[in-house]
Amino acid sequence: KTDPTITCDSNVVHYRQLHIHGANGSAPEHNKRALQYISTGQVPVKDLITRHIPLDDVLDAFQIVKKGEAIKVTVEPAPAEVSAR
């Protein structure tokens, strides 16, 4: 990176009791272990996705995250139309 410095609001970190962790990639074994935790329910990832936004409303997703109204937002494309045969 040419500018590795980041800034953040320390009040947000303090009052929301956030933790900031750095990571430098992962080994295949780490991914395998993570999938095991998820598949056995040890990590309740379903609870982490708190909003599902249609692709048409993608700009709203950015505002939701910016305001801290959700933990994780997924942007989902419209389902593919089934063609008549």
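FYI, it's all coordinate maths here, none of it is from the lab. Bear in mind that the values here come from a model prediction, so they are computed numbers and not experimental data. Glycine gets a Cβ as well: all are built from the backbone with ideal geometry, and neighbour counts include every protein chain shown.
For the pair LEU59 and SER10, label points projected 7 Å from Cα toward Cβ lie 3.6 nm apart. Matching the structure-derived Rg/Rh (Cα atoms, Kirkwood Rh) against the labelled list (i) 0.95; (ii) 0.93; (iii) 1.07 gives the label (iii). Taking Cα atoms only, the orientation of helix 28-39 departs from the longest principal axis of the chain by about 60 degrees.
A full extension of the chain between LYS72 and VAL43 corresponds to an added length of 9.0 nm, given 0.36 nm per residue minus the alpha carbon distance. The label-point distance for HIS52 and GLN36, in a model that sets each label 7 Å from Cα toward Cβ, rounds to 3.0 nm. Counting only Cβ charges, +1 for Lys and Arg and -1 for Asp and Glu, the dipole size of the chain around its Cα centre is about 320 debye.
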